[in-house]
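Asks: Once you've had a glance at the structure underneath, I'll fire off some questions.
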Ligand code: G
Ligand code: G
Ligand code: MN
Ligand code: NA
């Protein structure tokens with residue numbers, strides 16, 4: 001069967017699941033997670049989103065899949081809201097271009113937030129530069145509608161796209177995520193170090209938060225801390241895992 005046919009079946013059979021990767025503060029305490037979808041296929045095994053998200057985008061299956069991701073993430077937020085130790089955790093969700101461009105995207109999400117009872121202030125949507133630049137006016141309207149009830153917006157994979165500073169200034173964003181390609185060699189490559197510092201300075205000037213992605217070593221963490229970064233994600237702090245394996249203890 002094609003990946004597309006299998007995906008349709010997989011959606012019916014509930015074969016998709018969310019993994020969660022911790023996002024930590026300067027003291028390495030967990031402040032939230034990023035939801036990363038996985039597909040547990042009976043024969044293909046655990047399929048990576050790098051494989052099936054592009055197919056989902058091409059076929060339109062990203063619409064039901066993306067809605068399922070948002071529903072599941074909101075349900076998890078509601079569960080966490082019942083306990084003092086977890087009620088402040090934030091949930092970052094990746095949103096793909098076709099999903100965000102759908103005319104009903106904000107209405108559907110507003111209604112999901114109402115029906116689920118999830119706190120919009122805990123939800124962070126991750127968008128990419130190419131998505132935002134393809135129709136910036138539409139993006140600004142949609143982001144405004146959702147931000148007015150508390151939803152946050154992050155610019156994912158920042159530094160890999162082409163956005164000019166004037167575009168960046170116009171977008172109603174809350175934070176930038178430094179792409180892991182700059183973090184990887186931040187200790188050895190002076191260009192990557194300069195880029196990481198520049199992103200941190202830029203974010204400060206524009207009053208945006210920053211999350212450094214792909215932090216794998218103490219050395220990378222210390223460099224970024226010294227450069228003023230206050231939020232981190234990467235294998236050093238935790239891999240993406242099913243919710244039961246998530247370490248929510250305050251360190
Ligand atoms: O977790 P991982 O490394 O395998 O993710 C691979 C890619 O899939 C990343 O670019 C990530 O942003 C994307 N991705 C993961 N989960 C989702 C999701 O729920 N929706 C969308 N649109 N992309 C996702
Ligand atoms: O595109 P996006 O940034 O949403 O995707 C994040 C991707 O990075 C996921 O596939 C996730 O599994 C992966 N990832 C998260 N932390 C690390 C890390 O420390 N090192 C590497 N190599 N990949 C990571
Ligand atoms: Mn992301
Ligand atoms: Na990213």
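The values are calculated or read from the model by the stated rules, or taken from the named source; none is laboratory data. Keep in mind it's a predicted model, so treat the numbers as computed, not measured. Every residue, glycine as well, gets a Cβ built from its backbone with ideal geometry; the counts of neighbours run over all protein chains shown.
Asks: Suppose we keep only residues that are touching a helix residue (DSSP H, G or I) at 6+ places or on another chain (Cβ under 7 Å) and in contact (Cβ under 8 Å) with a residue 24 or more places away in the chain within region 183-192. Which one would you say is farthest from ligand 4 (Cβ to nearest atom)?
Replies: Initially, region 183-192 is screened for residues touching a helix residue (DSSP H, G or I) at 6+ places or on another chain (Cβ under 7 Å), giving 183, 185-187, 192.
Those still in the list that are in contact (Cβ under 8 Å) with a residue 24 or more places away in the chain too: 183, 186-187.
Working: 183: 10, 186: 15, 187: 20 Å.
Out of the qualifying residues, it is 187.
Asks: Restricting to helices (runs of 4 or more DSSP H) lying wholly in region 1-101: which have 2 or more residues that are within 16 Å of ligand 3 (Cβ to nearest atom)?
Replies: 49-59, 62-81, 97-101
Asks: For region 223-240, state whether one or more residues are within 16 Å of ligand 1 (Cβ to nearest atom) and closer than 18 Å to residue 127 by Cβ.
Replies: Looking through region 223-240, at least one residue is within 16 Å of ligand 1 (Cβ to nearest atom) and closer than 18 Å to residue 127 by Cβ.
Asks: Is it true that some residue in region 152-161 is away from ligand 3 (no atom under 16 Å from the Cβ) and surrounded by fewer than 18 Cβ atoms within 10 Å (Cβ to Cβ)? Walk me through how you get there before you give the answer.
Replies: Residues of region 152-161 that are away from ligand 3 (no atom under 16 Å from the Cβ), as a first pass: none.
Checked against the condition, which is being away from ligand 3 (no atom under 16 Å from the Cβ) and surrounded by fewer than 18 Cβ atoms within 10 Å (Cβ to Cβ), region 152-161 yields no hits at all.
Asks: Anything in region 54-79 that is buried (at least 21 other Cβ atoms within 10 Å of the Cβ) and out of contact with any strand residue (DSSP E or B) (no Cβ under 8 Å at 6 or more places or on another chain)? List them, or say none.
Replies: 56, 62, 66
Asks: In region 226-235, which residue that is in a loop (DSSP other than H, G, I, E, B) and within 16 Å of ligand 4 (Cβ to nearest atom) is nearest to the chain's Cα centre (by Cα)?
Replies: Start the filter on region 226-235 by keeping residues that are in a loop (DSSP other than H, G, I, E, B), which leaves 227-230, 234-235.
Next cut, within 16 Å of ligand 4 (Cβ to nearest atom) only: 229, 234-235.
Details: 229: 18, 234: 13, 235: 16 Å.
Of everything passing the filter in region 226-235, 234 is nearest to the chain's Cα centre (by Cα).
Asks: Same structure again: Which ones in region 146-162 are over 16 Å from the mean Cα position of the chain (by Cα) and within 16 Å of ligand 2 (Cβ to nearest atom)?
Replies: Hit for region 146-162 is 161, nothing else.
Asks: Now for a different question. If I filter region 99-115 for residues that are within 16 Å of ligand 2 (Cβ to nearest atom), in contact (Cβ under 8 Å) with a residue 12 or more places away in the chain and out of contact with any strand residue (DSSP E or B) (no Cβ under 9 Å at 6 or more places or on another chain), do I get at least one hit? So that I can check it myself, show each step before the final result.
Replies: Looking only at region 99-115, we keep the residues that are within 16 Å of ligand 2 (Cβ to nearest atom), and these are 99-100.
Add one more test, that the residue is in contact (Cβ under 8 Å) with a residue 12 or more places away in the chain, and what stays is 99-100.
Going one step further and asking which of them are out of contact with any strand residue (DSSP E or B) (no Cβ under 9 Å at 6 or more places or on another chain), we end up with 99.
Yes, region 99-115 has at least one match.
Asks: A further question on this structure: Being under 20 Å from the mean Cα position of the chain (by Cα), surrounded by 15 or more Cβ atoms within 10 Å (Cβ to Cβ) and either modelled with pLDDT under 95 or in a helix (DSSP H, G or I) (or both), is that true of even one residue in region 183-194?
Replies: Of the residues in region 183-194, the ones under 20 Å from the mean Cα position of the chain (by Cα) are 183-184.
Checking the rest, the ones that are also surrounded by 15 or more Cβ atoms within 10 Å (Cβ to Cβ) come to 183-184.
Next, only the ones that are either modelled with pLDDT under 95 or in a helix (DSSP H, G or I) (or both) stay: 183-184.
Within region 183-194, one or more residues are under 20 Å from the mean Cα position of the chain (by Cα), surrounded by 15 or more Cβ atoms within 10 Å (Cβ to Cβ) and either modelled with pLDDT under 95 or in a helix (DSSP H, G or I) (or both).
Asks: Filter region 102-146 down to residues that are assigned to a helix (DSSP H, G or I), within 16 Å of ligand 1 (Cβ to nearest atom) and either buried (at least 16 other Cβ atoms within 10 Å of the Cβ) or modelled with pLDDT of 95 or more (or both), then give me how many there are.
Replies: Let us first name the residues in region 102-146 that are assigned to a helix (DSSP H, G or I), namely 105-116, 120-122, 129-134, 136-146.
Now restrict to residues that are within 16 Å of ligand 1 (Cβ to nearest atom): 105, 108-109, 112, 129-132, 134, 139, 142.
This time we only want the ones that are either buried (at least 16 other Cβ atoms within 10 Å of the Cβ) or modelled with pLDDT of 95 or more (or both), so: 105, 108-109, 112, 129, 131-132, 139, 142.
Selection size over region 102-146: 9.
Asks: Condition first: within 25 Å of residue 104 (Cα to Cα) and either touching a helix residue (DSSP H, G or I) at 6+ places or on another chain (Cβ under 7 Å) or at pLDDT below 95 (or both). Now tell me which residues in region 157-181 satisfy that.
Replies: We begin by selecting, within region 157-181, every residue within 25 Å of residue 104 (Cα to Cα); these are 167-168, 170-175.
Listed by number, the residues that qualify are 167, 168, 170, 171, 172.
Asks: Let me ask you something else. May I ask you to list the residues in region 162-182 that are free of Cβ contacts under 8 Å to residues at least 40 places away in the same chain, within 11 Å of ligand 4 (Cβ to nearest atom) and either closer than 14 Å to residue 231 by Cβ or in a loop (DSSP other than H, G, I, E, B) (or both)?
Replies: 176, 179
Asks: Still on this model: Collect the residues in region 3-52 that are farther than 24 Å from residue 89 by Cβ and within 16 Å of ligand 4 (Cβ to nearest atom), keeping them in residue-number order.
Replies: The answer is 48, 50.
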